[in-house]
1. Quick one: with all protein chains in place, what share of the accessible area of the stretch B:239-313 is carbon or sulfur, to the nearest percent (1.4 Å probe)?
2. So if R0 is 56 Å, what FRET efficiency would A:Q26 and B:K135 give, r being the distance between their Cβ atoms, rounded to the nearest 0.05?
3. Can you tell me how much longer the chain between A:E377 and A:T410 gets when fully stretched, taken as 0.36 nm per residue apart minus their C-alpha distance, in nm with one decimal?
4. With label points built 7 Å along Cα→Cβ from the Cα atoms of A:D82 and B:H351, find their separation and express it in nm.
5. Could you give the alpha-carbon Rg of the stretch B:239-313 over 2.2 N^0.38 Å, rounded to two decimals?
6. List for the stretch A:5-36: residues with 30 Å² or greater reduction in accessible area, all protein chains versus chain alone, probe 1.4 Å?
7. On average over all directions, what projected area in square nanometres does the stretch B:56-235 have, based on the convex hull of its Cα atoms?
8. Can you give the average number of partner chain beta-carbon atoms within 10 Å of each beta-carbon in peptide A:216-226, as a whole number?
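The values are calculated or read from the model by the stated rules, or taken from the named source; none is laboratory data. A quick note: this is a predicted structure, and the numbers were derived from the prediction, not measured. Quick reminder, even Gly has a Cβ in these numbers, built from the backbone with ideal geometry, and neighbours come from all protein chains shown. Quick note on the areas: whole protein, heavy atoms, side chains included, nothing else; ligands and nucleic acids left out. Shrake-Rupley method; radii C 1.70, N 1.55, O 1.52, S 1.80 Å.
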Amino acid sequence: MASTKVVVDPITRIEGHLRIEVQADQGKISGSWATATMFRGIETIMTGRDPRDAWAYVQRICGVCTTVHAIASVRAVEDALDIKIPANANTIRNLVHGMQYIQDHVIHFYHLHALDWVDVVSALSADPAKAAALAKSISPWPNNGEAEFRAVQDRLKKFVGTGQLGIFSNGYWGHPAYKLPPEANLMAVAHYLEALDWQRDVIRLHTVFGGKNPHPNFLVGGMASAINLDETATINAVRLADVQGMIKKAKDFVEQVYWPDLVAIAGFYKEWGAIGGGVPNFLACGEFPETDIRDLGSLYFPRGIIMGKDLSKVVEYDQQKVEEYITSSWYTYEGGDDKGLHPYAGETTPKYTGPKAPYEYLQGEKKYTWMKAPRYEGKPMQVGPLARMLVGYAHGHKDIKELVGQALGTLKVGPEALFSTLGRTAARGIETVLIANKMQTWFNELITRVKAGDTATFTKDKWEPSSWPKKAQGYGFLDAPRGALGHWVQIEDEKIARYQCVVPSTWNCSPRDAKGQMGAYEAALVDNHPLARPDQPLEILRTIHSFDPCLACGVHVLDADGGLLAEVKVQ
Amino acid sequence: MFVRNAEPWMDGSSLGEHLEETGVSRRSFLEFCTEMAVILGLGSAAAPSVAKALESQARPTVIWLEMQECTGCVESTLRTEAPTIGNLLLDVVSLDYSETLMAAAGHAAEKAKADAMAKNKGKYVLVVTGSVPTKEDGMYCTVAGRTIRQHLEEAAEGAAAIIALGACAHWGSVQAARPNPTGAVGVRDIIKNKPIVNIAGCPPIGDVVTATVVHFLTFGRLPAVDREGRPLFAYGNRIHDQCSRRAHFDAGQYVESFDDEGARKGWCLYEMGCKGPATYSPCPIVQWNQRTNWPIGAGHPCIGCTEPYFWDTMAPFYNRLPNVSGFGVEHRIDTIGASLAVGAAAGVAAHATMTVMHQIRRRKAHQTPDSGSTSGEERNNG
């Protein structure tokens, strides 16, 4: 009956610092605790600064999800100051954010998640000819030939032969949970390497419009990259042709490599369609407006909530119903640590009560993480690709319904398989295919407007702080690759009085709340979840990686006093 | 591009022997060496010596520690052009610990690090991204139940050299901006007895990171640095002096509002708050993401991210130099590290003012006499 205590710290192949502790009984997980082990306090730093600068600071919340906090920030300030950006600027932001989705999801699949399913060592014994035959049966990708696979295998053989295994050192190779035949492993390893180069090439779209990646530039009121077809230093035909090339390259790889690989690999792991479901509620705030973010009806990914896995209805999302708990977090609330507070009334006073380092276990501690616990009407939520696809599916969104249906048909599983570790990973692929297609539509819209003489990228009238009201507040939302994101800004006397973020990984990585309800990671790990070898926690990595954790994003802090700190001035 | 016929490096053999054996990527290897020689400021003629140095050693161990950070510096390194990240990982170095990339997790990951550090004691390169929190006994950042400071001190002990990658590892960056809630500091504030090079920037350019590693492998020492510990080969010049828009500054042609006529002609962003005149950076020369573009090239003013404390000293970002925190009454020469940048910025402001005045006089001088606004005195002065 004695259960085994298991600690996985660090969880690698994620953004940030995450610790997972579980209790395992006879091959199953019976208890779990998710701990964010880093805190920085970015929001505190925002107070007193120029709201037009905010995007640059909060963008540094995360360099993997680079762009998403910056866009949420400029949207929040534009909402507060009632600035409507030109249609071109909106389209450019869609293109930038769209490429972020595509590149981020592909990197996640190959470089962060794949090694949970793909045994690199097994690829050594593959028959390259058979691997090529397998690859050609699922995709017309031109690099899937026998010669290419043989070259990758030879490269890998000699690499392994050096004894210097680098990033592959101490992997769980040969673990019984690896199910792919050697040929599928070889194909995946070849694409792992190919994706390393591809990601670097397609993300240059950010550089064209924002000057660099990671952390391209944004602008309150539009975008800084002026369009002038008759100038060398602006967005012109040379740069637009480059962008068109990247859009094509992104789409080809997603359709001919990522998606077929994902479906092929999923076919060997169908049992994971019944593992790791966890929290049954899903929240999507919606994303990709046609011309203006205020036009909620135009969002390509719709907004809404699914409660209790009920796909027959979409509940309307109201940000007023969000509350954050710190019952299990290293903070304290003035009114008591069992209360939930809406972000507008939020407090954050960090108060570490855990053991001194070095420590062995956190399970058993009342408070065990830097992550807060957001709840919607008191209920935990999952956010991310699966939430978006489920909300879209329930909405009857044509593109989503079609592709989800197709994927379920190919894998010969029912919709219930979506509520799982495999479902989260598949949903990420589905939405990548959709965005990879949508990019061309957005690009065409930009070209059409420029052709018609509309080259505006910036709205000038509210740029000068003297034109602002004495007090203003705004809400900027964005459904980021990892899920629903919100920024709230309050402006007083031309400065930020208060700045707050509620971030996707805060929802998913949240700890237990006052009622003892677990967050999404924790709930997933105790939902029919295997763990064959406690010293080789491969299955834990599968489920945690299926959320694509981003810990630097998740841990944030409101200003400590909870009041408007307009008297704090920065020169 | 991914070199499909490139082969990995055999144990005990040098990179040169390995290349000979495979007989394929010699040419691309030499191209890579040329590229590196140029970035390192050695000129393409030095390519053979870079090649020779790289060919004569086994893949050195690199330990990469991630502390309080956003992982943007890891991402930036993934964008490196030459060598590609695939070649870097498989052919140039042995990256034995990297939380972002490594297959193993938990105990297995920590063991990989401990083994690699023990086996290569005194020889490995330690790459560090992120800052160290000094408040709350360091509990604001822990890994495997130990503070990140403990990890850093332990890993620094056996390192041959330390590459502090990015603004966080350099001086603390965004979490160290006022009021610095966690007491975040850079590597140099914790480790005092090892050579440290600061690859400045938020984030730095991936190719500069790679070039610094190659410099160390080629010459057996870290590159020469400025007083901020930044390699001179990358940070030796001011953006303003290398800027593709500099001619417009000199001509008094300024963007006065985003998307105005000047913006659409690619004019100088000085009036929009550009910090190029106070910033030492490889941006204008090396550029970003395979030389696709750079921030000023995309129409946005530089925010000065390679300079220490820029989140406080260079802000508000859209205020014209020197009307920003770092250059006003409370400018902090001690934290800026040198009066050099301050002096340069003030000088540029004076320069710009003079240029504009000159332009105004000249424009006025060119106005026709019947416009009625041009006095003889102004004309004489123009």
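1. That share works out to 47 percent.
2. After rounding to 0.05, the efficiency reads 0.80.
3. 8.2 nm
4. For A:D82 paired with B:H351, the spin-label model returns 4.4 nm.
5. Normalised Cα radius of gyration, the stretch B:239-313: 1.05.
6. A:V7, A:D9, A:P10, A:T12, A:R13, A:E15, A:H17
7. Seen from a random direction, the Cα hull of the stretch B:56-235 projects 9.7 nm² on average.
8. For this peptide, the per-residue mean of nearby foreign Cβ atoms is 6.
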